[in-house]
1. For the stretch B:76-91, which positions are more than 14 Å from chain A (Cβ to nearest Cβ) and either within 16 Å of ligand 2 (Cβ to nearest atom) or within 14 Å of the chain's Cα centre (by Cα) (or both)?
2. Quick one: is residue B:73 modelled with pLDDT of 95 or more, buried (at least 18 other Cβ atoms within 10 Å of the Cβ) and away from ligand 2 (no atom under 16 Å from the Cβ)?
3. Taking the stretch B:128-146 as the search range and keeping residues that are more than 8 Å from every other protein chain (Cβ to nearest Cβ) and in contact (Cβ under 8 Å) with a residue 40 or more places away in the chain, which one is farthest from residue A:132 (Cα to Cα)?
4. Of the residues B:283, B:326, which single one is outside any strand (DSSP E or B) and surrounded by fewer than 17 Cβ atoms within 10 Å (Cβ to Cβ)?
5. Can you confirm whether the stretch B:184-195 contains a residue that is away from every other protein chain (no Cβ under 14 Å), surrounded by 16 or more Cβ atoms within 10 Å (Cβ to Cβ) and either at pLDDT 95 or above or more than 16 Å from ligand 1 (Cβ to nearest atom) (or both)?
6. What is the number of the single condition among (1) part of a helix (DSSP H, G or I); (2) not assigned by TED's automatic domain parsing to the domain that holds residue B:230 that residue B:258 does not meet?
7. If you go through the stretch B:102-123 one residue at a time, how many are part of a loop (DSSP other than H, G, I, E, B) and crowded, with 17+ Cβ neighbours inside 10 Å?
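The values are calculated or read from the model by the stated rules, or taken from the named source; none is laboratory data. Owing to the predicted nature of the structure, the values given are computational and were not obtained by experimental measurement. In this analysis, Cβ positions are derived from the backbone assuming ideal geometry, glycine residues included, and neighbour counts consider all displayed protein chains.
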Ligand SMILES: Nc1ncnc2c1ncn2[C@@H]1O[C@H](COP(=O)(O)OP(=O)(O)OP(=O)(O)O)[C@@H](O)[C@H]1O
Ligand SMILES: [Mg+2]
């Protein structure tokens with residue numbers, strides 16, 4: 001493999017890491033509040049606003065129903081509005097985050113729902129206000145499930161980021177497509193796959209370790 | 001710290017060096033239910049969980065709530081800290097109607113009312129110390145004060161040295177002690193216990209009861225507890241209410257209700273406690289007399305008074321009375337007893353009943369049994 005190709009791969013690896021990292025960060029910052037909203041605003045929740053809950057739930061389903069490759073293109077006007085450009089790494093981050101946020105929110109929502117209602121009652125009985133319940137009961141008790149969900153989300157995003165080449169964002173998937181698929185350079189293809197396997201494994205291992213630590217107490 | 005100083009530190013009314021946030025509003029710990037009703041709307045339709053409950057719970061007493069499953073015990077208890085809002089009627093805590101409270105008032109009310117649960121409901125992501133500290137932390141108590149008060153509470157329940165442990169590492173009894181410490185750390189005036197010992201083995205149950213009784217005596221707080229274990233009621237309660245399908249079946253001092261249960265629901269609940277009717281006798285008991293030589297079985301129960309004079313009864317009977325079984329126990333300083341007699345043919349049952357008005361014929365056994 002030529003030194004240029006190695007440089008190209010290194011650059012692509014960094015691009016993928018950056019795209020996935022930033023959009024995962026956005027997915028966490030937006031997805032957790034969204035999940036908390038979905039759980040607490042439902043009927044009988046601690047912030048009951050059932051109508052708004054239903055509307056937000058429908059919107060989340062809507063975003064989840066659209067395939068990523070379609071979202072990538074459909075969001076181009078929005079992307080331009082937010083980051084001022086429609087090509088490059090930042091142009092991929094917007095659709096990646098938009099797609100990952102509802103995905104992650106739904107997984108986090110399941111974990112939050114599984115928190116024993118008895119704990120919420122106990123918290124109410126000791127004089128916790130509603131935000132105390134979110135902070136001291138819902139989030140910490142659901143944390144293992146949320147971290148597990150984040151692991152799944154990041155792995156899915158690594159896969160989705162391969163399509164980011166469509167908006168010229170580069171990344172590993174783009175290299176594999178251009179050199180491996182279109183120019184039949186099998187070596188490049190194999191190296192990219194190996195790197196992706198290592199990345200996914202590292203994410204999975206880290207996530208599993210954190211979850212195990214949290215559950216061990 | 002001496003025991004006395006220590007208990008004074010946790011006493012609701014004591015204002016020591018550590019000033020409690022809302023000590024000004026703390027009262028003696030009375031609860032009054034006025035015509036409380038509760039209807040649940042569920043997919044299966046409406047459920048009337050409580051019907052017109054009126055009841056007074058006095059400051060500093062240990063009050064028991066019993067009843068069959070689904071009778072409405074938890075619903076009633078949970079109206080006291082408004083985990084459940086009554087559909088009709090009012091609940092007054094220290095004379096204050098709690099139904100009108102908004103979130104601020106409710107939070108302040110709940111800090112005066114501790115609660116412990118059957119399944120402990122401890123936060124698994126927090127250590128013992130963090131669990132016990134939470135009520136103070138959310139009340140904005142200063143960090144140094146929190147440490148001191150958590151130490152006090154842990155000492156009170158006998159869990160010193162466990163503060164860095166996570167609840168999953170504790171036994172059931174220890175978990176309930178953490179629950180009690182968490183409930184007491186805000187120095188409440190009332191402690192609600194919903195089947196707090198139901199998940200514990202008999203020995204641990206006794207130690208938890210001992211602790212509750214101790215807390216009641218030393219801190220003077222009112223304890224209101226639900227249990228399916230009648231022995232728990234007999235052990236620590238002064239008064240008891242029996243609920244049946246959401247209504248009060250009977251109510252009164254434990255020695256009275258247990259000594260002479262009037263309502264069928266109470267009698268059914270107390271059945272397992274009444275070991276004094278021998279099993280072989282029960283097996284032979286027939287509802288009606290089958291022949292002239294059958295003997296009537298007379299059951300006498302008494303509570304809070306001296307045992308009936310057997311010689312007087314024998315005289316009234318005229319013919320032979322045989323003592324089949326007898327048992328006396330003391331509940332809160334009152335004698336509660338049961339005497340079972342067999343009366344041979346020719347006994348003057350009416351005269352026996354005249355001499356002892358609680359005497360009841362509960363069946364017949366044949367002469368050779
Ligand atoms: N949240 C609820 N929604 C609908 N029905 C309810 C609810 N909570 C209680 N009920 C119903 O109200 C009635 C009384 O329930 P409650 O829990 O007070 O009984 P309990 O005496 O505490 O029973 P147990 O001894 O089994 O704990 C039951 O018929 C129950 O099904
Ligand atoms: Mg109950």
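1. Restricting attention to the stretch B:76-91, the residues satisfying the condition of being more than 14 Å from chain A (Cβ to nearest Cβ) are B:76, B:86-91.
B:76 - this is the single residue of the stretch B:76-91 that is more than 14 Å from chain A (Cβ to nearest Cβ) and either within 16 Å of ligand 2 (Cβ to nearest atom) or within 14 Å of the chain's Cα centre (by Cα) (or both).
2. Working: modelled with pLDDT of 95 or more: yes; buried (at least 18 other Cβ atoms within 10 Å of the Cβ): yes; away from ligand 2 (no atom under 16 Å from the Cβ): no.
Judged against the criteria, residue B:73 is not a match.
3. B:145
4. On the way: B:326 fails: outside any strand (DSSP E or B).
Exactly one of B:283, B:326 is outside any strand (DSSP E or B) and surrounded by fewer than 17 Cβ atoms within 10 Å (Cβ to Cβ), namely B:283.
5. Of all residues in the stretch B:184-195, those away from every other protein chain (no Cβ under 14 Å) come to none.
There is no residue in the stretch B:184-195 that is away from every other protein chain (no Cβ under 14 Å), surrounded by 16 or more Cβ atoms within 10 Å (Cβ to Cβ) and either at pLDDT 95 or above or more than 16 Å from ligand 1 (Cβ to nearest atom) (or both).
6. (2)
7. We begin by selecting, within the stretch B:102-123, every residue part of a loop (DSSP other than H, G, I, E, B); these are B:102, B:111-112, B:118-123.
Keeping just the survivors that are crowded, with 17+ Cβ neighbours inside 10 Å gives B:111-112, B:118-123.
The total comes to 8.
Every residue, every condition in (1) at pLDDT 95 or above; (2) more than 16 Å from ligand 1 (Cβ to nearest atom); (3) assigned by TED's automatic domain parsing to the domain that holds residue B:221; (4) closer than 30 Å to residue B:162 by Cβ, yes or no:
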| position | (1), (2), (3), (4) |
| --- | --- |
| B:78 | yes, no, yes, yes |
| B:81 | yes, no, yes, yes |
| B:84 | yes, no, yes, no |
| B:95 | no, yes, yes, no |
| B:102 | no, yes, yes, no |
| B:116 | yes, no, yes, yes |
| B:121 | yes, no, yes, yes |
| B:125 | yes, yes, yes, yes |
| B:129 | yes, yes, yes, yes |
